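Here the structure is laid out as structure tokens; the discussion comes afterwards.
The values are calculated or read from the model by the stated rules, or taken from the named source; none is laboratory data. Keep in mind that what you see is a predicted model, and the values were worked out from it rather than measured. All Cβ positions, even for glycine, are placed from backbone atoms using ideal geometry, and neighbour counts span all protein chains on display. All accessible areas refer to the heavy atoms of the entire protein, side chains included, with ligands and DNA or RNA removed. Shrake-Rupley method; radii C 1.70, N 1.55, O 1.52, S 1.80 Å.
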Amino acid sequence: MAFIEVKNLYKRYDMGETVIMANDNLNFEIERGEFALIIGPSGAGKSTFLNILGGMDRASDGSILIDGKDITKLNERELTTYRRYDMGFVFQFYNLMPNLTALENVELATQIVKDAKDPKKVLEDVGLKDRMDNFPSQLSGGEQQRVSIARAIAKNPKLLMCDEPTGALDYKTGKQILSLLKDLSRSTNTTVIVITHNKAIAPAADRVIEIADSKIRNVTLNKNPESID
Ligand code: ADP
Ligand code: ADP
């Protein structure tokens, strides 16, 4: 059994007269420790899927098994626990606390987690050894995204979910961030799922899931993925 199994997953938005089918019978798997990409045009249904996988939204039908457990069946309390302890999130616009330093941002996220990693060590791992005491406004976009990645992985999550993590960065910095995320999946065996419109990175991923028109268009497995230069 794969680490993540998506089965007959549907998400409908009822808009009065019309129904928008945002996820239309998705079926695919992701193995533990993979660096997986979800690509596809705007409006394809990528964020909808990630929101359901992350426990931020409910599926209309179907199931998502993680380690054999169906997360679509969790009640609200269980979902909160799942979001808090099992998931790490990275977003396009970093979502850091502006009045806290890089280190304090990471510490805040780890406070409630029992088996959290050492915030200083994690910030070193993402290349920010000398910037820990800086506030977000004193950091570049790429550095702020590194802080938000550190904040997410410090919780020791089962799954790291990244929604357009390079969307606000220039191409070169975006590549460095994707390279960091891939390295983290390798060094920590954390499953990393990234939504990106950067198709150039596809040969470097273990698995590429293409979504178009709310459906799975194609799934590609790379046995020997290229490195991100
Ligand atoms: P992507 O992330 O690939 O750009 P989305 O998952 O955001 O695509 O959107 C998929 C479809 O679902 C789009 O047609 C979008 O307009 C629609 N949609 C997304 N969220 C909502 C919502 N809360 N209410 C109604 N329609 C939505
Ligand atoms: P290359 O020069 O390596 O061929 P391009 O600059 O042509 O790469 O971009 C390849 C793809 O990556 C294009 O689809 C482009 O829209 C996308 N892209 C460019 N910059 C970024 C970025 N900062 N984040 C995500 N995707 C990007």
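Worth a mention:
- Note on region 109-121: among residues that are modelled with pLDDT of 95 or more and either among the hydrophobic types (A, V, I, L, M, F, W, C) or surrounded by fewer than 16 Cβ atoms within 10 Å (Cβ to Cβ) (or both), the one that is farthest from Gln145 (Cα to Cα) is Asp118.
- Members of region 183-211 found to be closer than 23 Å to Asn51 by Cα and not hydrophobic (A, V, I, L, M, F, W, C), listed by number: Ser185, Asn189, Thr190, Thr191, Thr196, His197, Asn198, Lys199, Asp206, Arg207, Glu210
- Residues in region 58-75 that are of a type in the set (Asp, Glu) and at pLDDT 95 or above were compared, and the one that is least open to solvent (accessible area, probe 1.4 Å) is Asp70.
- Among the residues examined, Asn156 does not qualify as in a loop (DSSP other than H, G, I, E, B) and modelled with pLDDT of 95 or more.
- Yes/no for Asp61 being within 16 Å of ligand 1 (Cβ to nearest atom) and either touching a Ser or Thr at 6+ places or on another chain (Cβ under 6 Å) or without any contact (Cβ under 8 Å) to a residue 60 or more places away in the chain (or both): yes
- Selection count where residues are touching a Lys or Arg at 6+ places or on another chain (Cβ under 9 Å) and open to solvent by 30 Å² or more (accessible area, probe 1.4 Å), scope region 143-152: 2
- Test: residue in region 24-35 that is within 16 Å of ligand 1 (Cβ to nearest atom), modelled with pLDDT under 95 and out of contact with any Asp or Glu (no Cβ under 6 Å at 6 or more places or on another chain): no
- For region 85-107, filtering for residues that are free of Cβ contacts under 8 Å to residues at least 40 places away in the same chain and open to solvent by 30 Å² or more (accessible area, probe 1.4 Å) leaves 6.
Here is a yes/no grid of residues against (1) over 18 Å from Arg151 (Cβ atoms); (2) in contact with a helix residue (DSSP H, G or I) (Cβ under 7 Å, 6 or more places away or on another chain):
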| position | (1), (2) |
| --- | --- |
| Leu37 | yes, yes |
| Ser63 | yes, yes |
| Thr80 | yes, no |
| Val90 | no, yes |
| Glu107 | no, yes |
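- Segments classed as strands (runs of 3 or more DSSP E), wholly inside region 1-119, with at least 1 members that are more than 29 Å from Arg207 (Cα to Cα): 4-15, 18-30
- Evaluation of Lys158 against (1) closer than 24 Å to Asn95 by Cβ; (2) within 15 Å of ligand 2 (Cβ to nearest atom) (one fails), failing number: (2)
- Count of region 180-218 residues, restricted to those that are open to solvent by 10 Å² or more (accessible area, probe 1.4 Å) and either within 27 Å of Leu9 (Cβ to Cβ) or over 14 Å from the mean Cα position of the chain (by Cα) (or both), is 24.
- Residue selection: Ser140 satisfies the criterion of being surrounded by fewer than 22 Cβ atoms within 10 Å (Cβ to Cβ), small (Gly, Ala, Ser) and under 25 Å from Lys172 (Cα atoms).
- Residue match in region 183-193 (condition: within 10 Å of ligand 2 (Cβ to nearest atom) and outside any strand (DSSP E or B)): no
- Residue that is most open to solvent (accessible area, probe 1.4 Å) [pool: residues in region 153-172 that are touching an Asp or Glu at 6+ places or on another chain (Cβ under 9 Å) and without any contact (Cβ under 8 Å) to a residue 60 or more places away in the chain]: Asn156
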